[in-house]
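What follows is one structure encoded as C-alpha cells, with my remarks underneath.
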Amino acid sequence: METKEKMRKSEDEWRRELTPEQYHILREKGTERAFTGEYAHSKGNGAYLCAACGQELFSSDTKYDSGSGWPSFYEPAAPERVDNHEDNAHGMRRVEVTCSRCGSHLGHVFPDGPRPTGLRYCINSASLKLEPKK
C-alpha cells in the first residue's frame, strides 16, 4: 500500500496553476456540462492523471462509455488514489470522489457500473490529464 503524501497549496497557488474551469471544478466542486469534456468520448490508451497534482487516478483499461456524458471508469488505478466523501448537496445523496494526494474534486461514484466492480466513477474531464501509453 502506498503512503499518502498530501500536497498542500494555497488557493492563490491553485488559481495561478489551473485554468478558470479547472479551478472551479477541482477546487470549488463544480462540474462541466455533460458531453462537453475533452475525455467524454476519448478512446485514447494510457493513464488518467489528476489535472492538479499529476497523481495517476485511472487507467484507460477501466474506462467505458456509460452514456452519462462524463468519462466513466469502473475502478481507480489503486484504491488509495481516491478518497470518497458523503455529498448531500443539491438535495441528492451521492458519494464525492477526490484525489487522495491534493484533495481536488474529481466527480462522483455510483453503484450502477459494469462488472467486475459494479461501480461507475463519473469524473469531470477538466479534473483529468491523459498521459498516453508509450
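Computed from the coordinates by the stated procedures, all read-outs in this text should not be read as laboratory data. Quantities reported herein were computed from a predicted structural model and do not represent experimental measurements. For neighbour counting, all protein chains shown are included, and Cβ atoms are generated from backbone atoms with ideal geometry for every residue, glycine included.
When you filter the trypsin sites (Lys or Arg not before Pro) in the range 22-54 for DSSP loop state and at most 12 other Cβ atoms inside 10 Å of their Cβ, you are left with 33, 43. The tail of the calculated P(r) for the chain beyond 25 Å holds 19 percent of all Cα-Cα pairs. Amide H contacts of residue 128: 51, each under 5 Å away and 5 or more positions distant or on a separate chain (H built 1.01 Å from N in the peptide plane; Pro and chain starts excluded).
Between the amide H of residue 82 and those of 100, distances stay under 5 Å, these residues lying 5 or more places away or on another chain, with hydrogens modeled in the peptide plane.
Shown for the chain: cysteine residues without a partner Cβ closer than 4.7 Å, namely 122. Subtracting the Cα-Cα distance of residue 64 and residue 83 from 0.36 nm times their residue separation leaves 4.7 nm of extension gain.
For the chain, averaging the sequence separation of C-alpha pairs within contact (under 8 Å, six or more residues apart) and dividing by the residue count gives a relative contact order of 28 percent.
Which number gives the lysine pairs in the chain that have C-alpha atoms under 30 Å apart and are eight or more places apart or on different chains? Final tally of qualifying lysine pairs is 26.
Before rounding to the nearest 500, sum -39500 (n - 2.57) across all DSSP H runs of length at least 4 in the chain and divide by the residue total; then give [θ] at 222 nm in deg cm²/dmol. Taken over the chain, the calculation gives -3000 deg cm²/dmol. Each residue of the range 91-98 was assigned a 3J(HN,Hα) from its phi angle through the Karplus curve 6.51 cos²θ - 1.76 cosθ + 1.60 (θ = phi - 60°); the sequence is x, 10, 9, 9, 10, 6, 10, 10 Hz, with glycine and proline shown as x.
Neighbour counting of Cβ atoms within 10 Å sorts the residues 85, 90, 24, fewest neighbours leading, into 90, 85, 24. With viscosity 1.306 mPa s and temperature 10 °C, the Kirkwood radius over alpha carbon pairs of the range 1-55 converts through Stokes-Einstein to a diffusion coefficient of 120 µm²/s. Annotation: the residues 31, 19, sorted from fewest to most other C-beta atoms within 10 Å of their own C-beta, follow the order 19, 31.
The fewest-to-most ranking of 105, 41 by surrounding Cβ atoms within 10 Å reads 41, 105.
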